[in-house]
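Shown next, in C-alpha cells, is the structure this report addresses.
The values are calculated or read from the model by the stated rules, or taken from the named source; none is laboratory data. Keep in mind it's a predicted model, so treat the numbers as computed, not measured. Ideal geometry is used to build each Cβ from the backbone, glycine not excepted, and the neighbour counts take in all protein chains shown.
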Amino acid sequence: MVSPRHMRFTRLFSKAMVPKPPPTLPRFNSSHQLNIPTTSSLQVNINTSTTTIANMSSSTTASTPPALSDPDVPTPLAQPGEKKQINLLRGWPSPHLLPPSNLLNASHTLLSSPDETQSKFNFNVPALQYGPDPGYQPLRHSLAAWLTQNYHANETYPPHGFPTLTTAEQICVTGGASQNLANVLQGFTDPAYTRAVWAVSPCYFLAVPIFEDAGFAVGNGKLKGVREAEDGEGVDLEELERGIREVEGGKEWPEKPVYKTPGPHRKCYKHIIYLVATSANPSGITTSLSRRHALVQLARKYDALIISDDVYDFLQWPVLPSPTTQSSKHLPLTTTLLPRLSDIDISLGPSPHDLALSAHYTRAPRSPPSLSSKGSPNGTTPNGNGQHHNDDMADDHQQDKQSLHPDHTIQDLHFGHAVSNGSFSKLLSPGLRTGWTHSTPAFAYGLAQTGSTRSGGAPSQYCAALVHEILSSGALEKHLTSVVRPGLQKRHALMLETVKKELVGPLGVKVLEDNRTGAECKSEQPALFGGYFLWLELPETVPFTAKEVAERALEEERLVVSPGENAEVSGEGAEGQVGIRFPRHLRVCFAWEEEEDLVEGVERLGRVLRKMVEEAKEGGGVKKVGGEGLKAFK
C-alpha cells in the first residue's frame with residue numbers, strides 16, 4: 001500500500017520539472033508577538049527582548065495529537081466517514097505521561113544558574129560542553145544514590161546477600177537503551193571470535209537490527225533465539241546451555257579476537273545473552289530470582305555477557321480488580337525490586353575468566369631473548385628449516401604483542417558477565433535519548449572508551465544534566481508516583497478488563513494477568529503487572545494465524561496490532577533451522593492511545609475475531625486480505 005505522502009511525491013515528479021520561485025512569506029517583525037495557546041495553558045510570548053512563560057499548571061495534561069508523523073508507524077487522519085485509526089502496536093508513552101513542566105524548570109535552572117566551577121558565566125557551562133567519557137558526573141552520583149535506594153537487599157535474598165550500594169563508578173551514562181546496545185556490541189564483541197548472540201524469544205523486535213548491524217544475524221547463524229521455559233520463570237536454561245555447547249563444539253574457534261584489539265580496557269566475550277528481565281517485551285514475564293541466579297552462573301561458566309534491558313523495573317503496580325476501582329493518586333513502588341542480573345554477578349566477585357584475563361595483562365614483562373654462543377635465542381637450536389624447537393616461543397611472541405599492565409589490579413580487569421541497560425525514555429521522555437548502564441567499574445569504564453564516545457564525549461550531555469536536575473530535586477520520583485505509575489495502572493486495568501470481556505470469555509484467548517513468577521508469585525498478595533504490553537494467545541483450535549487477524553483488523557477496523565511473528569528471532573534465512581514461532585500471538589500496547597480508544601480498540605479486535613471464527617465454522621475458510629498495509633507498521 002502506497003502512503004498518501006508517497007503518492008503526492010510520485011505525482012509531483014510526473015510533471016515537468018519546472019523550477020518555481022519559493023513562496024513569499026510574511027516578514028517577521030521584531031515587534032510582532034507570537035502567542036501559542038495549548039491545553040496545558042502554556043503561553044509563550046516572543047519579542048525582541050523577553051520570553052515569558054505564564055500560568056503553567058503541572059497538574060494539567062496535554063491531549064494526544066491527532067497524528068504524529070513517523071514513516072515506520074504512520075497514523076493518518078481519518079477521512080470523512082472513516083473510522084479513526086487506533087494504533088495498539090506503537091510502544092510510546094502517551095503525552096499524558098510526559099513531564100513538560102519538569103523539563104522546563106530544569107532547563108531554566110541550567111540556562112540561568114552558573115556552575116560552581118564556572119562562576120563568571122550565568123549558565124551551567126559543563127551542561128553545554130563536551131561531556132566526560134563516562135557521562136555527566138553529577139548525574140552518575142545522583143543516579144547511583146537513587147538506584148541504591150530502590151535496589152536494596154531484603155530477606156528473600158540468599159544468605160550471601162547482594163551489594164546494597166550502587167556507586168558512580170558502576171554507572172556509565174548512555175544515549176538510551178538502543179544506542180547503548182549497539183555500543184556494547186561494538187566494544188565487547190568480535191564477529192569472528194564471539195560465537196553467537198542468544199536472544200530470549202519472544203524478543204523485542206527492534207533489537208534484532210542492532211544485532212545484525214554488529215554482524216550477528218539469523219542468516220549467518222550468529223543470532224539465535226532461545227525460548228522462555230514452560231514453567232514461566234524466564235529463559236529455558238537447559239535449551240540455552242545445550243545450544244551453547246553445540247555452537248562451541250561445532251567448529252574450531254579462534255583463541256582470541258580476530259578483528260578487534262580490545263585490551264586492556266575492554267574484552268570480547270564468547271557469547272552474548274539478551275533479554276528483558278522484568279516485564280519482558282512482549283511476553284510480560286518477570287524472570288524469577290532463582291532463574292536470575294542460574295542464568296548468571298551459566299554466563300560465568302561460558303564467558304558470556306548478559307545484556308538485560310531493565311527499562312520497566314520502575315514501571316510496576318498492583319493490578320486493579322476493576323478499572324472502576326479508584327486508581328491511587330500516589331503510587332510508589334509497592335514491591336521490592338528483584339536484584340538486577342548485574343547485582344548478582346558483581347556479588348559473586350571475579351569469575352575464572354576475569355582472573356585469567358587479569359593474569360595475562362598483569363604478568364611481569366619478559367626479558368628480551370638473548371643470543372647464545374650458537375647465535376640462537378635462549379640457546380635453542382634451529383632445525384633444517386631455520387625454525388626453533390622451543391614450542392613456547394611462538395605463543396610467547398604472540399602474547400607479548402599485547403600491552404602489559406603490571407600496575408593494574410584485578411578490579412581494573414574485572415569486567416564481569418552482566419550489564420543492566422537502563423533508560424529514562426519511559427520514566428521521563430523518549431525524546432531525551434538518555435540512559436545508563438550498571439555493571440562492574442571496569443566494564444563501565446571500558447564502555448566509555450567506545451570510539452564515538454571518546455570523540456564526542458558522553459552522549460546526551462545536556463539531557464543528562466536535565467535529568468540530574470529533575471532527579472536530585474525529587475521531581476522524578478514525584479512524577480513516577482503521581483503520574484506515570486497511576487496512569488499506566490489505570491490504562492492496564494481498562495485494557496485487561498476489555499480483553500477478558502471481549503476475547504478471553506467468549507473466544508478462549510489467553511492473557512497473562514500477573515507477571516510475577518517462581519517464589520515471588522504469592523497468592524495472598526495482589527497480582528502485579530508492569531511494562532507497556534499485553535501478550536495475547538489465540539486458542540489452538542482456530543484455523544487462522546495471528547498475522548491474518550492483524551491484517552483483517554487493519555483492513556476492516558483500522559486497528560493496528562502486532563502479530564507474534566514480529567517477536568520471532570530464529571528461522572528466517574537459516575538453512576534447516578526450524579526456529580521459534582509465535583503464529584497465534586498478538587501484542588497490544590496500553591500506554592499510547594487515549595483511554596477510551598484502548599477499550600474501543602480491543603472491541604474492534606473482538607469483532608474481527610468473532611467474524612473470522614464464524615467464517616471458519618461455515619467451512620469455506622476465512623477471508624484473506626493483502627498484508628502489504630501491515631508491513632508499513634513494522
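Looking only at helices (runs of 4 or more DSSP H) that lie completely in the range 92-203, which have at least 3 residues being modelled with pLDDT of 95 or more?
100-112, 137-150, 177-188
The set of residues in the range 428-439 being surrounded by fewer than 24 Cβ atoms within 10 Å (Cβ to Cβ) and in contact (Cβ under 8 Å) with a residue 12 or more places away in the chain consists of Ser429, Pro430, Leu432, Arg433.
The residue that is nearest to Lys426 (Cα to Cα), among those in the range 189-205 that are touching a Cys at 6+ places or on another chain (Cβ under 9 Å) and surrounded by 24 or more Cβ atoms within 10 Å (Cβ to Cβ), is Thr189.
Could we say that Val483 is of a type outside the set (S, T, N, Q), at pLDDT 95 or above and crowded, with 24+ Cβ neighbours inside 10 Å here?
no
Per the listing Arg340, Arg292, the residue uniquely in contact with a Phe, Trp or Tyr (Cβ under 9 Å, 6 or more places away or on another chain) and among the basic types (Lys, Arg) is Arg340.
Okay, residues lined up against (1) part of a loop (DSSP other than H, G, I, E, B); (2) at pLDDT below 50; (3) of a type outside the set (Ser, Thr, Tyr):
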site	(1), (2), (3)
Thr325	yes, no, no
Ala359	no, no, yes
Arg366	yes, no, yes
Ser403	yes, no, no
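Note on the range 306-336: residues that are of a type in the set (Gly, Ala, Ser) and under 16 Å from the mean Cα position of the chain (by Cα) amount to 1. Pairing residues of the range 153-176 that are on the phi > 0 side of the Ramachandran plot with residues that are among the charged types (D, E, K, R) and at pLDDT 95 or above, at Cβ distances under 8 Å and at least 6 apart in sequence or on separate chains, gives Gly176/Arg433. When Ala277 is tested against (1) crowded, with 24+ Cβ neighbours inside 10 Å; (2) part of a loop (DSSP other than H, G, I, E, B); (3) in contact with a Phe, Trp or Tyr (Cβ under 6 Å, 6 or more places away or on another chain), just one condition goes unmet, and that condition is (3).
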